[in-house]
Amino acid sequence: MINTEMPQYTIVTLDEVPSTNSYVLENMPYLDNGTIIYTSNQTAGRGRYNRHWVCDETDNIYMSFVLKPVNIKNYPFPNLTQYLTVCVCKILERDFNLAPVIKWPNDILVNNCKISGILAETGMKNNTVQGIALGLGLNVNMGKETLEKIDQKATSLSVLTGRNYNSEKIVRNICDEFFNNYSSFVEKGFNYIKDEYLKRCFFLGKNITISENGEKREYFAQAIDDNGFLTVKDKFNNQCKIVTGDVLC
Ligand code: BTN
């Protein structure tokens, strides 16, 4: 079978950039499928819902994948962040001996503290998708002082292991993991990662709070369905699907 989605990639390292996702969106026509824009110095990083993503100068990972799907109609875009979440969890387990868990849809926590966040955005022109910026922030060497300024409990690889790391090597390992199975994920969608995703979802079977548009609601977390959506029950025992929002445990 001809592999139409490419396993080759190129990492472009920038000294400093406001946001790697913004850089990709602004330069989309000139960037090839499979380019990774990486910096350890991001001055205006964005998180989900336009929240600020904190950066300091201790060599952390701020990177965005440029993805230009061959057939956007059949592309599993809603599950792309979940795919990268699983890839990063595997690296944290294999290379750092950590036990990361997933907070739906794509936060990675270790010891109940967030270590990584993911943001996927599309570049549009004339109502057509030009490409995707899939951004990943991973706290590598961030110290306690900066972590304490973050508006939720956060951690880093150095705090967890007591060592400092070279971020570039970790970036390469994440890219290898991502592109090794990318074509299969594109072909099969969420089902390809469902088991790997589910086994790290710590909140299933528990009472959770979901925050959406500033509103908080209480639910019982039941399952993740075949589309990667969260299935919950409300206090009247009505079942519903959560498509967007934040799980606050
Ligand atoms: C979140 O958890 O809210 C998502 C955070 C995503 C942060 C990354 S850092 C690299 C890329 N560039 C950005 O401006 N944001 C993403």
Share of antiparallel DSSP beta bridges in the range 1-131, in percent to the nearest 5? 75 percent
Helix-only [θ]222 nm of the chain, DSSP H runs n ≥ 4, -39500 (n - 2.57) each, per residue, nearest 500: -6500 deg cm²/dmol
Counting only residues 5 or more apart in sequence or on a different chain, those whose built amide H sits under 5 Å from that of residue 45 are 53
How high is the relative contact order of the chain, in percent, with contacts defined as C-alpha pairs under 8 Å that are six or more residues apart? 17 percent
Sort 80, 14 by Cβ crowding within 10 Å, fewest neighbours at the top. 14, 80
Taking H as built 1.01 Å from N, whose amide H comes closer than 5 Å to the amide H of residue 131, not counting residues under 5 places away? 123
Let a ≥ b ≥ c be the square roots of the eigenvalues of the Cα gyration tensor of the range 34-73; is it rounded (a/c under 1.5), or, if not, prolate (a/b larger than b/c) or oblate? oblate
Choice from 18, 105, 29 with maximal GNM fluctuation in the chain (Cα, 10 Å cutoff): 29
Gaussian network model of the chain, springs between alpha carbon atoms under 10 Å - residue of 106, 181, 41 with greatest fluctuation: 181
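Give me the net charge for the shell around residue 196: Cβ to Cβ below 15 angstrom, other residues only, Lys and Arg +1, Asp and Glu -1.
Values: positive: 90, 94, 188, 194, 199, 200; negative: 93, 177, 195, 226.
So the environment of residue 196 carries a net charge of +2.
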Estimated FRET transfer efficiency (residue 236, residue 204; beta-carbon r; R0 25 Å; 0.05): 0.80
Which whole-Hz couplings ³J(HN,Hα) result when phi for each residue of the range 233-249 is put into the Karplus expression 6.51 cos²θ - 1.76 cosθ + 1.60, θ = phi - 60°, listed in order with x for Gly and Pro? 10, 8, 5, 8, 6, 7, 8, 9, 9, 9, 9, 10, x, 10, 7, 10, 7
Provide the net charge surrounding residue 31, with neighbours chosen by a C-beta distance below 15 Å and charges set as Lys +1, Arg +1, Asp -1, Glu -1. -1
Count the net charge of all other residues whose Cβ sits under 14 Å from the Cβ of residue 50, scoring Lys and Arg as +1 and Asp and Glu as -1. 0
Given axes a ≥ b ≥ c from the Cα gyration tensor, I'd like to know whether the range 110-249 is rounded (a/c under 1.5), prolate (a/b larger than b/c) or oblate. oblate
Highest GNM mean-square fluctuation among 239, 42, 82, for the chain with Cα springs under 10 Å, belongs to 239
Report, ordered by chain and residue number, the lysines lying within cross-link reach of residue 144, taken as a straight Cα distance under 17 Å and ignoring same-chain residues fewer than 8 apart. 114, 153
Under the Karplus relation with 6.51, -1.76 and 1.60 and θ = phi - 60°, whole-Hz ³J(HN,Hα) for the range 141-147, x at Gly and Pro, equal 10, 4, x, 4, 4, 5, 4
Would you mind calculating the relative contact order of the range 204-249 from Cα pairs under 8 angstrom and at least 6 residues apart, reporting the percent as a whole number? 37 percent
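None of the figures in this text is laboratory data; all of them are computed from the coordinates on show. For clarity, every value in this text was computed on a predicted model and none was experimentally measured. All Cβ positions, even for glycine, are placed from backbone atoms using ideal geometry, and neighbour counts span all protein chains on display.
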